[in-house]
Amino acid sequence: MDENDEAIRTPIVSVLGHVDHGKTTLLDEIRGSAVAEAEAGAITQHIGSTVVPIDVIERICNPDEEFDLPGLLFIDTPGHHAFTTLRSRGGALSDIAVLVVDVNDGFQPQTVEAVKILDRTETPFVVAANKIDAVPGWKTQEDAPFAETFAEQSERVQNDVENALYEIIGDLHDNGFQADRYDRVNDYRSTIGVVPVSAETGEGIPDLLMVLVGLAQRFLTESLTTRPNGSGEGTVVEVKEKKGLGTTVDVLVYDGVVEVGDTVVVGGQLDPIVTEVRALLEPSEKVEINEEDEFNRVDRVVAAEGVKVAAPELDDAMAGAPFVVVGEDDELGDVTQRVRSEMDEIGVETAED
Ligand code: GDP
């Protein structure tokens, strides 16, 4: 393989929506069902993100078609702030989004805000119409696909669900999007799919994963093309002090490869920081990572992946800043200039907020 070889990388998925509509629960449920389906260790917890491999997704949702994406990478922090902070080359870092709407509560101010952000950043999204289990009279079938569990409901409950979905579809329409229940969508390019789910009981989660993978596979493969041997590019997710390591940055690498010893340019509060990667750290096997020293050192990471980077001089690094490896053929001055102008753009946007 040389540096011009190309491969399809894991699409990056964000979860947005109004407070309390179930974003965190949904992420936990997806992680949980993936862990339940996976052979030990098959699901990978990255720094700030979780990758669900495609074979696990296929086992959960038994699709008719084969997918050639490696899986889905979910950013662990839901919400608008994370979404708008995490940028790549001036655009949204997320390739695709899940907009969570409580089916019993409908559109709320932050739902409208989220739709506007997704519209402005031209991010394809699906709607998870969440909490169907809380519709009065609902009979839960844990982890069942939507069609299966819907067929078990009384006519009254079915009607109540349909009416609630139509409200959401109407609100999407008022915000400029054509939408329909996902199994009635013919063309996902023009119509947003609304997937009824319960993050609490797992109902509809197989359908949601299937729609996400299908969307990414059909519409994003070009933008998901990465150079698995090219020089790495990523976005700083968080800047953190770590005992024994000094200031570290958590980076979501969205293109190429990052290796220990690489010279990198990182956006800083005043000037771009030029430094050298001392260590690349991934969480150790455990899915929960709260403790110190829970990291494994690795020599290299390939996009898309979240990794903690230890390097000198990172005190001024900023969340949302670019992280760019200076490749063999790159001029340090050019890379620094690029990082500087991307930081200027971020500064302008922050001032407008
Ligand atoms: P967030 O603020 O959007 O991250 O919302 P959370 O995930 O914290 O959920 C808010 C509340 O709704 C919590 O009490 C959850 O247990 C509850 N919740 C989330 N999803 C569901 C669901 O599918 N069904 C029910 N019945 N409750 C849910």
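The values are calculated or read from the model by the stated rules, or taken from the named source; none is laboratory data. Because the structure is a prediction, the values reported are computed rather than measured. Here Cβ is always computed from backbone atoms with ideal geometry, including for glycine, and neighbour counts include all displayed protein chains. Protein only, heavy atoms only, side chains kept; ligands, DNA and RNA dropped before computing areas. Shrake-Rupley method; radii C 1.70, N 1.55, O 1.52, S 1.80 Å.
How big is the antiparallel share of DSSP beta bridges in the stretch 75-179, given as a percent to the nearest 5?
In the stretch 75-179, approximately 25 percent of DSSP beta bridges are antiparallel ones.
Please get the size of the charge dipole for the stretch 212-252, origin at its Cα centre, with Cβ charges of +1 on Lys and Arg and -1 on Asp and Glu, quoted in debye to the nearest 20.
120
Quick one: accessible area per residue over the chain, 1.4 Å probe, rounded to a whole number of Å²?
46
Given the chain, what percent of its DSSP beta bridges are antiparallel, to the nearest 5?
70
How high is the FRET efficiency between residue 162 and residue 24 when r is their beta carbon distance and R₀ equals 35 Å, given to the nearest 0.05?
Plugging the Cβ-Cβ distance into 1/(1 + (r/R0)^6) gives 0.80.
Which longest uninterrupted range of the chain lacks any trypsin sites (Lys or Arg not before Pro) assigned by DSSP to a loop state (not H, G, I, E or B) and surrounded by at most 11 other Cβ atoms within 10 Å?
It works out to 1-138.
For n ≥ 4 DSSP H runs only, could you compute -39500 (n - 2.57) per run for the chain, divide by its residues and tell me the 222 nm figure to the nearest 500?
My calculation for the chain gives -9000 deg cm²/dmol from helical runs alone.
Positive end of the charge dipole of the chain (Lys, Arg +1 and Asp, Glu -1 on Cβ, about the Cα centre): tell me which of 67, 254, 210 has its Cα farthest that way.
210
Mind checking the dipole of the chain: about its Cα centre, +1 per Lys or Arg Cβ, -1 per Asp or Glu Cβ, Debye to the nearest 20?
About 420 debye.
Note the full-extension length gain between residue 345 and residue 140 as 0.36 nm times their separation in residues minus their Cα-Cα distance, in nm to one decimal.
Length gained between residue 345 and residue 140: 69.0 nm.
For the stretch 222-333, which whole-number percentage of the solvent-accessible area (1.4 Å probe, protein heavy atoms only) is attributable to carbon and sulfur atoms?
40
I'd like to know which of 108, 197, 335 lies farthest towards the positive end of the charge dipole of the chain, counting +1 on Cβ of Lys and Arg and -1 on Cβ of Asp and Glu.
Checked the options; the winner is 108.
At 18 angstrom or more along the helix axis (alpha-carbon based) and mean Kyte-Doolittle of -1.0 or higher, what helices does the chain contain? Whole DSSP H runs only.
Those that pass (Cα extent of 18 Å or more, hydropathy at least -1.0) are 23-37, 155-174, 205-219, 332-352.
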